[in-house]
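K.L.:
Structure in structure tokens, see below.
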Amino acid sequence: MNGKQADLGTKNMNDTSSGQMDTSLATTAEALRGAILLKLSSHVGKRRAVATRRDWLLATAIVVRDFAVTRWHDSIAAAYDQGGKRVYYMSLEFLIGRLLFDNLNNLGLMNAMREALAGLEVDLDLLRALEPDAALGNGGLGRLAACYMESMATLGIPAYGYGIRYDHGLFRQVIDGGVQQELPEEWLAFGNPWEFERAEVQFKIGFGGHVAHEGAQANWHPAETVIALAYDTPVVGWRGTHVNTLRLWSSRPQEPLRLDMFNHGDHTGALTGRMQAEAISKVLYPSDATPAGEELRLRQEYFFTSASLQDLVRRHIRTFGDIGSLAEKTAIQLNDTHPAIAVAEMMRILVDLHAVPWDAAWGMTRSIFSYTNHTLLPEALETWPVALMERLLPRHIQIIYLINEQQLVEMRAFYPGDDQLALRVSMIDEERGRRVRMSHLAFLGSHRVNGVSALHTELMRQTVFRDLNLLRPGQIVNVTNGITFRRWLHGANPNLTRLLAETLGGGVLDQGMQLAGLREFSEDDSFQERFKEVRLNNKKILAAMVHRDLGIKIDPGALFDVHIKRIHEYKRQLLNILETVALYNAIRSNPGADWVSRVKIFAGKAAPSYYRAKLIIRLANDVAQMINNDPIMGDRLKMVFIPNYSVSLAELIIPASDLSEQISTAGMEASGTGNMKLALNGAITIGTLDGANIEIKDHVGDENIFIFGMTAAQVEARRAPGFDARATIAASAELGEVLEVLSCGVVSPGDPNRYAGLVSMLRHDDQFMVCEDFQSYYRTQRAVAALWRQPRAWWRASILNTAGMGWFSSDRSIREYADDIWRIPVRS
């Protein structure tokens, strides 16, 4: 089987060739209806009379998949025929969400499919609600990877996404008594109609063992081997003209059980090897608080990078005949530090398996790889104990030592005698228990390293990569993040999309920059009313969901103030909660004043082992309970925490949002993409000068965004004397009163000391500048309320936010990667 045959796939359990429709013709509602009935019978095995909604969902998904597969095969064949460079996007996360509406939209089948199902007395929207979110990511990192895969397909770039097919993803969040509980995601319980198991695409992944050296040749003899099995999902670009592949790896044992042990009565022991192998692809981000968890994380990262590199090298050799042109035909993007071990694995493959001389292999490796950094937080720049690496990946630690020695020799040639610089640029951190710095490996093994916003990129040069940037000036570049408008506007907000197309013409669906044409309508009373009506209808839908699922009635006419993102101290949900309590206190003190009706909406997950983030979730729920049960509040103020934040939940909340909370500590948010999604849909941002907020401000206009708080430089200066905030608290009557409410147990009457430690931290160790920025944030929120009281001015600003967001398309981002980093042509 050649490379093209392997990538097109062979017949397997998901094959739909039986009863395959002609997807070039079946675009009418009538034809689609017939195709659905055929799949219901032939694939689902059900008669129409007894079919459940889930049966209809499966049949519909398979029909849509048939359209994608036809174009998928054409795209793969064209890539082989053209013989050009391919992009391989390696990411531990791909938060793709539900695919039914995404694929219907990109294939242009939405209206015909809705009509087809209506003729069968089936509601397409009810089917959409049944589809589970693919549990393949956590937050912005995984959603960015999904957006980029869709944009690469839209721009006709031959690309593969490589990751792990998690059985249970991160976790399903349940709030019980205000406390986050983590349960396994069961997204695969009913199968996945979008994927194809590739039983013929398997690779052996080794762990442990020893390395034997015979002269210059190194031979790794692993003590343990697991199998990586490929699952492919087609990624459909806009208008369906190009389809790429998301290839995810599932871990399997070499043997399903030890039959000898089983027959001797050790039934559990016979399955131990299987359980250890399958654990690799069970969950995303297993806790690394224990040595076993830390080892499992490293196993995951090596597992998927090794399988991916073996796969792409196989494809290259079958296509081009030898390894020599690999660098010319291959671009690999490392999405954060998780796949950084791929640098050492590529060197192993080139040097040990294909006999490429070391220097030539290193040159090829650096030409192939580029690395996106997503964080300046030290704890997120992964390091692994040298002892763990030596035990689990003995050949790779040897390669890392050799790379490290080589670059230290180069460094000393330019900076002789500077031992402190050598310590800082070394891949081995000798000061914290001898650990391998994976970000250093990714940096040194790449020809380009990019940040994800202008501020973040500059801070990379000044902080975490200051010394490496000194050694390799010009290697760090910026590519500000982007989002796919097909998902976050067309799919999430179809009524707004329809209004935009009617107003600006259909070209706005293809060219996001045409949104700028809205500026001339921002003060048009008629357009403002239509824009406002779209938002109100979206808010009614969200309010109905909140009432149904949480039992809380919220007023769709209120200002929806939205804070939806991963729970972390630097994202400062705590600051928002404190301001909410201050507003609550103010309303109670003067309930007869002319208060703006406001609904505070929170959603997000905390890492299972992140105690303080989970405590912030509990505080949010306690404060919501206090506010919502106070009869004085009425509709003046409500607060809700919506559990189990996901792509699908975001698609519901974002179009209904009036105010977008982007309030991270300045200098700590790399970029953000939630800020872009919300602004695209017309939410006005309240935020710090952090991440992409700065660029959003530049594009929407200073008067159409609410900026508060310290800058990154001011934060750094404030940190110098320490984090004691008592003087700041004493200067703010509102903040002092809020902290007193928390300290004395008003929000937690059953446990008065529940938040004593949190308050003590704010007073004495305010690392995230919550207290320092509180008063500025509080004043800015009052300015938000003042603008809300001026509807014409508010909706003008809202419209101008949408008008200014065309630049933030992921299509623009991918063009920049293609032009400046991958050196690959894109469709005009």
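K.L.:
Per-residue counts of other Cβ atoms within 10 Å, averaged by peptide: what ranking do you get for 785-793, 225-233, 104-112, 711-719, highest first?
P.N.:
Working: 785-793: 13.9, 225-233: 21.3, 104-112: 19.2, 711-719: 15.9.
Per-residue Cβ counts within 10 Å, averaged per peptide and sorted highest first, yield 225-233, 104-112, 711-719, 785-793.
K.L.:
Between A720 and Q625, with labels modelled 7 Å along Cα→Cβ, what's the label distance in nm to one decimal, could you check?
P.N.:
Those two pseudo-labels are separated by 4.5 nm.
K.L.:
Each label point is 7 Å from the Cα along the Cα-to-Cβ direction; what then is the distance between the points at D125 and A292, in nm?
P.N.:
4.8
K.L.:
Exactly which trypsin sites (Lys or Arg not before Pro) in region 121-165 are in a DSSP loop and have at most 14 other Cβ atoms within 10 Å? Before the final figure, lay out the partial values.
P.N.:
Details: sites: R128, R143, R165; in loops: R165.
Loop-located and lightly packed - none at all.
K.L.:
Another one. Mind checking the dipole of region 577-648: about its Cα centre, +1 per Lys or Arg Cβ, -1 per Asp or Glu Cβ, Debye to the nearest 20? Please report the intermediate quantities before stating the final value.
P.N.:
Numbers: 9 positive and 5 negative charges, 57 e Å.
Charge dipole, region 577-648, about its Cα centre: 280 debye, nearest 20.
K.L.:
I would also like to ask the following. Ordering K539, K532, K614, K553 by accessible area with a probe of 1.4 Å, largest first, what comes out? Intermediate results must be reported in sequence, preceding the final value.
P.N.:
Working: K539 10, K532 85, K614 50, K553 140 Å².
My answer, sorted largest first, is K553, K532, K614, K539.
K.L.:
Name the residue from A360, F320, V343 whose Cα lies farthest towards the positive end of the charge dipole of region 296-381, charges +1 on Cβ of Lys and Arg and -1 on Cβ of Asp and Glu.
P.N.:
My answer, from the dipole projection, is F320.
K.L.:
How big is the charge dipole of the chain about its Cα centre, in debye rounded to the nearest 20, if each Lys and Arg gets +1 on its Cβ and each Asp and Glu gets -1 on its Cβ?
P.N.:
Numbers: 87 positive and 95 negative charges, 214 e Å.
With Lys and Arg at +1 and Asp and Glu at -1, about 1020 debye.
K.L.:
May I ask which residue of S370, H267, W56 lies farthest towards the positive end of the charge dipole of the chain, with charges of +1 (Lys, Arg) and -1 (Asp, Glu) on Cβ and the Cα centre as origin?
P.N.:
Positive-most Cα among the choices belongs to W56.
K.L.:
At a 10 angstrom cut-off on C-beta neighbours, averaged per residue, how do the peptides 257-268, 357-368, 58-69 rank from highest to lowest?
P.N.:
Details: 257-268: 12.1, 357-368: 17.8, 58-69: 24.1.
The peptides rank, most packed first, as 58-69, 357-368, 257-268.
K.L.:
Before anything else, pin down the relative contact order of region 569-681: Cα pairs under 8 Å, at least 6 apart, normalised by residue count, whole percent.
P.N.:
Numbers: 100 pairs, mean separation 37.7, N = 113.
Reported as a whole number, the value is 33 percent.
K.L.:
How do C147, C744 stack up against each other in accessible area, from largest to smallest, with a 1.4 angstrom probe?
P.N.:
Numbers: C147 0, C744 70 Å².
Ranked list, largest accessible area first: C744, C147.
K.L.:
Something else: Computed from the coordinates I sent, Kirkwood radius over Cα pairs in Å equals one of [x] 28.2; [y] 30.3; [z] 32.3. Tell me the label.
P.N.:
This structure yields the entry labelled [x].
K.L.:
Related question: Please report how far the C-alpha centroid of region 104-124 lies from that of region 241-277, rounded to the nearest whole angstrom.
P.N.:
When both Cα centres are located, 40 Å separates them.
K.L.:
Under the rule a/c < 1.5 gives rounded, and otherwise a/b versus b/c splits prolate from oblate, where does region 354-438 land using the Cα gyration tensor? Can you show the working numbers first?
P.N.:
On the way: a/c = 1.35, a/b = 1.11, b/c = 1.21.
The shape class here is rounded.
K.L.:
Here's another thing I want to ask about it. What is the extension gain from S42 to E405, computed as 0.36 nm multiplied by their sequence separation minus the C-alpha to C-alpha distance, in nm to one decimal?
P.N.:
Details: separation 363, 0.36 × 363 = 130.68 nm, distance 6.15 nm.
Roughly 124.5 nm would be gained on extension.
K.L.:
Another question, then. What is the mean projected area of the alpha carbon convex hull for region 578-631, to one decimal in square nanometres?
P.N.:
Across all orientations, region 578-631 yields a mean hull projection of 4.2 nm².
K.L.:
With all protein chains present, how much of the accessible area of the chain (probe radius 1.4 Å) comes from carbon and sulfur, to the nearest whole percent?
P.N.:
52
K.L.:
If you don't mind, another one. Would you mind calculating the relative contact order of the chain from Cα pairs under 8 angstrom and at least 6 residues apart, reporting the percent as a whole number?
P.N.:
Numbers: 1504 pairs, mean separation 101.2, N = 828.
That works out to 12 percent.
K.L.:
Okay, next question. May I ask you to derive the relative contact order of region 703-828, considering only C-alpha pairs under 8 Å and at least 6 residues apart, and to give it as an integer percent?
P.N.:
Values: 80 pairs, mean separation 34.8, N = 126.
The normalised contact order for region 703-828 reaches 28 percent.
K.L.:
For L388 and T268 in the same chain, what is the full-extension length gain: residue separation times 0.36 nm, less their Cα-Cα distance, in nm? Kindly include the intermediate steps, with their values, before the conclusion.
P.N.:
Values: separation 120, 0.36 × 120 = 43.20 nm, distance 2.72 nm.
Extending this stretch completely gives an extra 40.5 nm.
K.L.:
Oh, and also: Measuring from a point 7 Å past the Cα of R823 along Cα-to-C-beta, which residues in region 347-366 have an amide N at less than 19 Å?
P.N.:
The answer is 359-366.
K.L.:
With unit charges on the beta carbon (Lys/Arg positive, Asp/Glu negative), name the residue among S446, M513, A422 whose Cα is farthest towards the positive pole of the charge dipole of region 422-536.
P.N.:
A422
K.L.:
Follow-up question, since we're still on this one. Roughly how many Å² is the accessible area per residue of the chain, as a whole number, for a 1.4 Å probe?
P.N.:
Working: 30550 Å² over 828 residues.
With the other protein chains kept in place, the chain gives 37 Å² per residue.
K.L.:
Here's a follow-up. Place a +1 charge on the Cβ of each Lys and Arg in region 414-456 and a -1 charge on the Cβ of each Asp and Glu, then give the dipole magnitude about the Cα centre in debye, rounded to the nearest 20. Walk me through the intermediate numbers first.
P.N.:
Values: 6 positive and 5 negative charges, 48 e Å.
Once rounded to the nearest 20, the dipole reads 220 debye.
K.L.:
Have a look at the DSSP beta bridges in the chain and tell me what percent are antiparallel, nearest 5. Could you put the intermediate results ahead of the total?
P.N.:
Details: 36 of 80 bridges.
Antiparallel: roughly 45 percent of the beta bridges in the chain.
K.L.:
Would you compute, from DSSP H runs of 4+ residues alone, the mean residue ellipticity of the chain at 222 nm, taking -39500 (n - 2.57) per run and dividing by the full residue count, rounded to the nearest 500?
P.N.:
Numbers: 33 runs with 377 residues, N = 828.
Using -39500 (n - 2.57) per qualifying helix, the result is -14000 deg cm²/dmol.
K.L.:
Run down the lysines and flag those whose C-alpha is under 27 Å from the C-alpha of K605, throwing out any fewer than 8 positions away in its chain.
P.N.:
Those lysines meeting the cut-off are K282, K539, K540, K553, K565, K571, K614, K638, K677.
K.L.:
Relative to the present Cα-Cα distance, how much length would full extension add between L259 and T503 at 0.36 nm per residue of separation?
P.N.:
80.9 nm
K.L.:
Can you tell me which of 662-675, 491-504 comes out highest on packing, and rank the rest after it, using the mean Cβ neighbours within 10 Å?
P.N.:
Numbers: 662-675: 26.0, 491-504: 18.1.
So the order, starting with the most tightly packed, is 662-675, 491-504.
K.L.:
Can you give me the C-alpha center-to-center distance between region 634-697 and region 710-772, rounded to a whole angstrom?
P.N.:
Using only Cα atoms, the two centres lie 23 Å from each other.
The values are calculated or read from the model by the stated rules, or taken from the named source; none is laboratory data. Worth saying up front: this structure is predicted, and the values here are computed from it rather than measured. With ideal geometry, Cβ positions are generated from the backbone for all residues, glycine too; neighbour counts draw on all protein chains shown. Note: accessible area is taken over every heavy atom of the protein model, side chains too, but ligands, DNA and RNA are not part of it. Shrake-Rupley method; radii C 1.70, N 1.55, O 1.52, S 1.80 Å.
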